[in-house]
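Note sheet for the following structure.
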Amino acid sequence: MPPAVDPLALFAGLGFGLSLIVAIGAQNAFVLRQGLLRRHVGAVVAICALSDAVLIALGISGVGLALQQAPVLMTVARIGGAAFLVVYGILAARRALRPARLDAASSPRASAGLLATVTTCLALTWLNPHVYLDTVVLLGSVANTHGDARWMFGLGAAIGSVLWFTALGYGARLLQPVFARPVAWRVLDGVIALIMVAIAASLLLGL
């Protein structure tokens with residue numbers, strides 16, 4: 001069997017890709033929240049999965065190596081990403097402190113428009129330097145160790161992203177009974193705020 005269609009590389013990419021994205025982070029927290037609100041879940045899942053596929057392809061194509069040789073660009077990305085995450089974290093903290101009932105069906109935030117949701121999702125994905133380090137640099141470097149099968153490795157990783165974001169976005173509704181209580185939403189937003197600030201701090205400390 002030609003190495004270019006090696007199923008072992010496909011499954012290796014699937015496992016490696018899942019190991020990178022199945023973690024609590026800015027993007028996953030946003031997908032979970034949209035899934036709980038049942039608002040624009042398809043668009044959010046599609047953006048996250050397609051963005052990962054593009055970033056993986058860039059990494060395999062050698063962009064990851066170029067980024068490693070451009071420290072100034074990565075520094076700017078870290079500062080900009082940290083600033084955005086801090087602002088988003090502050091907004092999440094404000095939501096957590098609100099005494100109003102945070103019901104997925106009746107909450108004013110549930111009516112957020114598609115454009116606002118898409119914009120936030122794109123920002124959380126493309127303004128987070130960790131995404132580039134994980135997909136473009138790290139995953140791209142590992143994929144290229146598979147030689148002619150590197151694109152099969154990348155395909156496996158992209159499939160992993162589709163599976164994960166679909167499960168996270170559409171599976172979140174199974175937790176809806178829990179989040180019918182205001183305290184659950186306040187805890188979720190509080191955790192999201194901490195995650196955003198922690199990631200922002202890690203970006204700045206890495207300068």
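The values are calculated or read from the model by the stated rules, or taken from the named source; none is laboratory data. All figures in this text were calculated on a predicted structure; none of them were measured in a lab. Backbone-built Cβ (ideal geometry, glycine too); neighbour counts: all protein chains shown. For the accessible areas, the whole protein counts, side chains as well, though only heavy atoms, and no ligand, DNA or RNA atoms are used. Shrake-Rupley method; radii C 1.70, N 1.55, O 1.52, S 1.80 Å.
Which net charge results for the neighbourhood of VAL41, defined as the other residues with beta-carbon distances under 14 angstrom from its beta-carbon, given Lys and Arg at +1 and Asp and Glu at -1?
+4
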Share of accessible surface on carbon and sulfur in segment 135-202, whole %, 1.4 Å probe and ligands ignored, is 77
Karplus-derived 3J(HN,Hα) from phi for segment 79-84 (6.51 cos²θ - 1.76 cosθ + 1.60, θ = phi - 60°), whole Hz, x at Gly and Pro, runs 5, x, x, 5, 4, 5
Between the modelled labels at SER141 and VAL187 (7 Å from Cα along Cα→Cβ) the distance in nm is 3.8
Against the 2.2 N^0.38 Å rule of thumb, the C-alpha Rg of segment 127-207 sits at a ratio of 1.50
Relative to the compact-globule estimate 2.2 N^0.38 Å (N residues), the Cα gyration radius of segment 125-164 stands at a ratio of 1.20
Each label sits 7 Å from Cα toward the beta-carbon; between ARG94 and PHE11 the label points are separated, in nm, by 5.0
